[in-house]
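J.: Sharing a structure, written as structure tokens. Questions coming.
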Amino acid sequence: MPEKCLETVDLRREYLNRSFFGKVKSRTVALQGLSISVNKGELYGIIGPNGAGKTTTIKILSTLLLPTSGTAMVLGMDVTKDLYRIRKRIGIVFGGERGLYNRVSGLQNLLYFSDLYGVPASVSRKRVPELIEMVGLSGRENERVEKYSRGMKQRLHIARALVHDPELLFLDEPTIGLDPAGSRNIRQIIKSLKQSGKSIILTTHYMFEADELCDRIAVVSKGNLVALDRPSGLKKQVKDITLVEIKVFGDPENLIERMKAESKVSRVFSEDLEGRTTIRIQTPEAPEVLEAARRTASEYGIKVIEASIKEPTLEDAYLRMVEE
Amino acid sequence: MSRLEISRFQVVKASMGLTARNFFVDPQWIIPSIIAPFVFTMVSLFIFSREAGQTSAVLLAAVLGGGMMGMWGTTVYGSGESIGFDRWNGTLECTLSAPSPLIWIIMGRVLWNTMEGSLNGVFILVIGLLWFRVGIGIANMPMFVLSTMVTFLSLSAFGMLLANLIVLSRRGGFITNGIEIPVYIATGTMFPIVALPLYIQGISYALGPTWGIDAIRRSAIAGYNSGLHVSIYFDLLMTVMATILYMALSGYLFVQVEKIAKRNGTLGDY
């Protein structure tokens with residue numbers, strides 16, 4: 001039986017929207033009884049659409065938010081009672097540009113947080129330069145954070161979360177808004193952290209990222225756990241569908257509408273990138289639908305750059321789960 | 001890593017250092033922290049110099065009051081805004097996720113702000129003395145130094161109480177900004193509190209800096225009479241008691257306020 005580093009039972013969280021005078025105007029249920037458990041050394045992903053309850057879960061687990069009901073134990077301690085003991089052993093990375101002191105240098109940010117975590121000066125003097133090296137900020141550590149790119153800030157966030165060498169790391173959408181190179185860089189850092197034995201909870205919107213990094217993935221939607229498995233296991237749940245992927249030049253609207261109207265097509269998704277459109281069609285009859293798509297594109301004078309039949313991805317599994 | 005011991009001194013020092021760095025790299029803070037109280041003091045001094053006929057004791061009392069205004073202005077703005085700054089930066093949650101009790105972090109910030117406010121106070125004092133040619137003779141220097149230090153601590157403790165409001169909600173900034181001028185008046189920095197309506201005097205007596213300012217003036221000006229009819233020792237005792245009360249209340253409130261903010265989910269608001 002693997003050792004658990006975290007466990008929640010029936011975790012529920014409601015937000016009350018109050019008027020200036022404190023009157024409750026509305027209630028939003030962010031978590032509706034979430035029960036998860038994470039093993040020591042595991043990289044556990046939480047994926048879900050906006051408002052699914054991912055960040056709320058991370059905030060409760062990192063002692064920054066109280067649950068409305070239910071229990072959450074982190075490293076064997078209760079998040080509502082053992083705040084300071086838990087905080088000494090966990091690290092949190094929030095995604096986005098906020099959360100750093102922009103007007104001082106990256107080095108000063110790290111030294112400041114080292115002090116707040118009670119890291120002796122003799123240790124931080126050695127560890128901080130190592131962290132700067134690890135996240136690739138060597139040579140830029142004395143510049144003000146406001147001069148950093150978004151990717152650099154995100155890497156500094158990670159270094160900040162590691163100043164006290166925590167056992168458990170919470171990464172809340174660490175690659176959000178980063179360019180592909182920046183995201184890859186962060187993913188490499190996450191992999192090396194996992195290899196060093198840290199337990200990691202990762203929330204993300206990017207399915208390929210979850211697929212590449214996570215040992216297990218919890219899919220949450222509207223505050224509920226809708227699926228939990230290894231990435232391969234989640235993909236098996238959509239084995240009944242195949243995908244036709246076509247990349248086209250030109251206005252694809254007519255093609256998309258025609259494919260949506262096809263009886264053998266269950267879903268059509270499209271994504272525009274630099275003048276090209278990638279259309280992904282879910283269907284149990286891929287070869288037939290592929291031919292129909294080629295014909296239709298030709299009818300409308302749309303240039304097909306590439307067309308192929310693909311295995312379903314984690315994204316396809318995810319979309320089916322959160323839409324059901 | 002569970003054996004990490006949090007050193008109070010380490011946290012307070014780090015917090016002071018960061019606040020100081022942020023202050024020096026952002027010159028716009030100088031406007032509410034230094035220029036505004038300075039202008040306000042100078043205007044008051046002009047009024048006093050005309051109305052009081054430049055009586056040395058009255059002008060010295062006014063200059064000392066001006067110095068206190070500078071200290072208070074910086075303390076109230078700096079203490080409130082340092083947490084507001086964290087909210088705006090998104091660092092409040094990161095700060096709270098550290099195992100250091102918030103009160104130590106805020107203590108470092110408030111200490112820096114009060115120290116900076118004191119320098120501001122001295123600056124106003126020196127300019128006031130030179131401009132209005134008021135005699136610098138301090139009647140009882142040891143008591144003056146003691147009174148100033150005790151008042152300094154009292155202001156810090158008061159600033160910590162105010163910082164609670166900002167942790168609780170971003171709306172706390174309205175209150176801390178709104179009480180700046182009323183506290184100038186209620187603590188008697190410019191006008192004797194005996195001149196105020198009785199119900200406001202009640203508030204004045206509950207404010208530590210009121211007694212501190214009285215002690216400063218009594219020690220600086222021979223024969224000074226604020227109308228309070230108490231000795232300088234009583235002034236100091238009241239300042240110390242108020243300071244202890246504010247500190248104790250702050251310590252309790254920081255824990256409660258953090259709980260409330262976590263229950264309401266307002267720590268990340270900005």
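J.: Could you state the angle between the C-alpha long axis of helix A:121-134 and the longest principal axis of the C-alpha atoms of chain A, as a value from 0 to 90 degrees rounded to the nearest 10?
T.: The angle comes out at about 20 degrees.
J.: Here's another thing I want to ask about it. Taking 0.36 nm per residue of sequence separation and subtracting the Cα-Cα distance, how much length would be gained by fully extending the chain between B:GLN256 and B:TYR205, in nm to one decimal?
T.: Gain in length upon complete extension: 15.7 nm.
J.: Please find the FRET efficiency linking A:LYS23 to B:ARG263, where r is the Cβ-Cβ separation and R0 is fixed at 25 Å, and quote it to the nearest 0.05.
T.: Given R0 = 25 Å and the Cβ-Cβ separation, E is 0.90.
J.: Going 7 Å from the Cα of B:PHE24 toward and past its Cβ, which residues in the stretch B:110-124 have a backbone nitrogen under 14 Å from where you end up?
T.: Those under the cut-off are B:116.
J.: Dividing the alpha-carbon radius of gyration of the protein assembly as shown by 2.2 N^0.38 Å (N being the number of residues), what value is obtained?
T.: Dividing the Cα radius of gyration by 2.2 N^0.38 Å gives 1.23.
J.: Give the angle, between 0 and 90 degrees and rounded to the nearest 10, that separates the Cα long axis of helix A:150-161 from the longest principal axis of the Cα atoms of chain A.
T.: Orientation of helix A:150-161: about 40 degrees from the principal axis.
J.: Would you check the accessible area of A:ARG295, probe 1.4 Å, heavy atoms only, in square angstrom rounded to 10?
T.: That residue has around 140 Å² of solvent-accessible surface.
J.: Still on this structure: Around A:LYS194, what is the net charge, scoring Lys/Arg as +1 and Asp/Glu as -1 over all other residues with Cβ under 14 Å from its Cβ?
T.: Net charge around A:LYS194: 0.
J.: Continuing with the same structure: Give the separation of the Cα centroids, the stretch A:4-20 to the stretch A:289-308, in Å.
T.: Centre-to-centre distance over Cα atoms comes out at 48 Å.
J.: Working from the pairwise distances between different alpha carbons, so that the mean of 1/r is found and then inverted, what is the stretch A:198-266's Kirkwood radius in Å?
T.: Taking every pair of different Cα atoms in the stretch A:198-266, averaging 1/r and inverting gives 15.2 Å.
J.: With equal scatterers on the alpha carbons only and no solvent term, can you work out the Debye log10 of I(q)/I(0) for the stretch A:118-182 at 0.11, 0.21 1/Å?
T.: These q points yield log10 I(q)/I(0) values of -0.27, -0.94.
J.: Give the angle, between 0 and 90 degrees and rounded to the nearest 10, that separates the Cα long axis of helix A:314-323 from the longest principal axis of the Cα atoms of chain A.
T.: That works out to roughly 90 degrees.
J.: In the structure shown, do any of A:LYS126/A:LYS153; A:LYS236/A:LYS264; A:LYS198/A:LYS239; A:LYS236/A:LYS303; A:LYS59/A:LYS236; A:LYS191/A:LYS235 have a Cα-Cα gap over 28 Å, and if so which? All intermediate terms of the calculation are to be shown ahead of the outcome.
T.: Numbers: A:LYS126/A:LYS153 21 Å; A:LYS236/A:LYS264 21 Å; A:LYS198/A:LYS239 33 Å; A:LYS236/A:LYS303 33 Å; A:LYS59/A:LYS236 31 Å; A:LYS191/A:LYS235 22 Å.
Beyond 28 Å between Cα atoms: A:LYS198/A:LYS239; A:LYS236/A:LYS303; A:LYS59/A:LYS236.
J.: Under a GNM of chain A (C-alpha, springs under 10 Å), which listed residue has the highest mean-square fluctuation: A:GLY33, A:GLY275, A:GLY139?
T.: So, out of A:GLY33, A:GLY275, A:GLY139, the one fluctuating most is A:GLY275.
J.: While we're here: Between A:ALA181, A:ALA286, A:ALA30, which gets the highest mean-square fluctuation from a Gaussian network model of chain A, Cα cutoff 10 Å?
T.: A:ALA181
J.: While we're looking at this one, here's another question. Helix-only estimate, please: 222 nm mean residue ellipticity of chain A, summing -39500 (n - 2.57) across DSSP H runs of length 4 or more and dividing by its residues, to the nearest 500.
T.: Value at 222 nm, helices only: -10000 deg cm²/dmol.
J.: While we're on this one: When the Cα centres of the stretch A:241-288 and the stretch A:98-172 are compared, how far apart do they sit, in Å?
T.: 45 Å
J.: With no solvent and one equal point scatterer placed on each C-alpha of the stretch A:168-324, evaluate the Debye formula and give log10 I(q)/I(0) for q = 0.11, 0.14, 0.17, 0.19 Å⁻¹, two decimals.
T.: -0.54, -0.81, -1.04, -1.16
J.: Let me ask something else about it. With r defined as the distance between the Cβ atoms of B:LEU196 and A:SER266 and R0 fixed at 60 Å, what FRET efficiency is calculated, to the nearest 0.05? Mind showing how you got there, number by number?
T.: On the way: r = 78 Å, r/R0 = 1.29.
That gives a FRET efficiency of 0.20.
J.: Given a Förster distance of 22 Å, report the FRET efficiency between A:VAL9 and A:GLN237 from their Cβ-Cβ distance, rounded to the nearest 0.05.
T.: The pair A:VAL9/A:GLN237 has a calculated efficiency of 0.30.
J.: Roughly how many Å is it from the Cα centre of the stretch B:108-132 to that of the stretch A:31-97, as a whole number?
T.: 45 Å
J.: Moving on to the next point. Separation between the A:ASN39 and A:ASP78 pseudo-spin-labels, each 7 Å from Cα along Cα→Cβ, expressed in nm?
T.: Each label point is offset 7 Å from its Cα along the Cβ direction, giving 2.9 nm.
J.: Then there's this: Anyone know which of A:LEU156, A:LEU273, A:LEU228 comes out most mobile in the 10 Å Cα GNM of chain A?
T.: In the Gaussian network model the winner is A:LEU273.
J.: Sticking with this one: Using the alpha carbon gyration tensor of the stretch A:85-204, what are the three equivalent-ellipsoid semi-axes (square root of 5 times each eigenvalue), largest first, in whole Å? Present the calculation step by step, with values, prior to reporting the outcome.
T.: Numbers: eigenvalues 74, 66, 32 Å².
Semi-axes (√(5λ), whole Å): 19, 18, 13.
J.: Where Lys and Arg each count +1 and Asp and Glu each count -1, what net charge lies around A:GLY91 among other residues with Cβ under 12 Å from its Cβ? Don't skip to the end; give the middle numbers.
T.: On the way: positive: A:ARG87, A:LYS88, A:ARG89, A:ARG160, A:LYS198; negative: A:ASP165, A:GLU167, A:ASP172.
Net local charge, A:GLY91 excluded: +2.
J.: Enumerate the residues in the stretch A:1-39 having an amide nitrogen under 11 Å from the point lying 7 Å beyond the Cα of B:PHE174 toward its Cβ.
T.: What the label zone holds, given the 11 Å backbone N cut-off, is A:20-22.
The values are calculated or read from the model by the stated rules, or taken from the named source; none is laboratory data. Everything numeric in this text was worked out from a predicted model, so none of it was measured. Cβ: placed from backbone, ideal geometry, glycine included. Neighbour counts: every protein chain shown. To get the accessible areas, we keep the full protein, side chains included, count just its heavy atoms, and leave off ligands, DNA and RNA. Shrake-Rupley method; radii C 1.70, N 1.55, O 1.52, S 1.80 Å.
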